[in-house]
1. As a check on your grasp of the helix formula, calculate [θ] at 222 nm for the chain: sum -39500 (n - 2.57) over DSSP H runs of n ≥ 4, divide by the residue count, round to the nearest 500.
2. Between (1) 2, 9, 20, 23, 23, 16, 6, 1, 0; (2) 2, 9, 13, 14, 13, 11, 9, 7, 6, 5, 4, 3, 2, 1, 0, 0; (3) 2, 8, 11, 13, 13, 14, 13, 10, 7, 5, 2, 2, 1, 0, 0, which matches P(r) over Cα pairs in 5 Å bins from 0, in percent calculated for the structure shown?
3. Over segment 91-145, give the accessible area per residue in Å² for a 1.4 Å probe, as an integer.
4. How long is the gain from LYS111 to PHE49 if the chain were fully straight, where each residue apart is worth 0.36 nm and the alpha carbon distance is subtracted?
5. Run the numbers for ARG145 and TYR89: contour at 0.36 nm per residue of separation, minus the present Cα-Cα distance, in nm.
6. Rank these residues by their accessible area, most exposed first, probe 1.4 Å: ARG20, ARG97, ARG145.
7. Kindly flag which residue pairs out of LYS15/LYS139; LYS44/LYS134; LYS45/LYS134; LYS44/LYS74; LYS111/LYS139; LYS43/LYS134 have an alpha-carbon separation exceeding 31 Å in this structure.
8. Need the full-extension length gain, ALA137 to PHE4, defined as separation in residues times 0.36 nm minus the C-alpha distance. One decimal, nm.
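The values are calculated or read from the model by the stated rules, or taken from the named source; none is laboratory data. Just so you know, these numbers come straight off a predicted model, no measurement behind them. Ligands, DNA and RNA are excluded from the accessible area calculation, which covers all protein heavy atoms including side chains. Shrake-Rupley method; radii C 1.70, N 1.55, O 1.52, S 1.80 Å.
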Amino acid sequence: MDIFTTFDIAASGLKAQQTRLNTISSNLANAETTSTPEGGPYKKKSVVFQTEPVPFQRHLSASIQDQRHSEGVKVAKIVEDNSPPQLIYDPSHPDARPDGYVALPNVSVFKEIVDMMSATRSYEANTTTIKSAKRMAMKALDIGR
């Protein structure tokens, strides 16, 4: 695997984790949104990842050299969680139903914070990979002098 493949794989991870962080931020921002344009409370969104092959040219050179091909990651889709909303009794709330219950989003702030910490660590790991590959390339250039 060459250094540029390393950069491609780590960059795909950075993009995927950025989307995951944005989705988590949206979930946290809407954790108490009881009314959406679609009707009803906000529904939690989650990111689904899938593998993504590196560019064709890299696959071609890997097959010519009879090496394994490398894959990165990409966001396949963002899905809504269809679990039921949380119900709280608050008859004074503007979105309360006739029985006095308010449907709150199915977002757990604690779970979202844990997911955010995980995504941040993954993002940092990909950044560290890029920095390490860059350092190795610079050392290799220094050896050649």
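1. Computed ellipticity for the chain at 222 nm equals -17000 deg cm²/dmol.
2. Of the labelled values, this structure produces (2).
3. I get 73 Å² per residue for segment 91-145.
4. This chain segment gains 20.5 nm when fully extended.
5. Numbers: separation 56, 0.36 × 56 = 20.16 nm, distance 7.35 nm.
Net length gain for the segment: 12.8 nm.
6. Result, largest first: ARG145, ARG97, ARG20.
7. LYS44/LYS134; LYS45/LYS134; LYS111/LYS139; LYS43/LYS134
8. Numbers: separation 133, 0.36 × 133 = 47.88 nm, distance 1.02 nm.
Full extension of this stretch gives 46.9 nm more.
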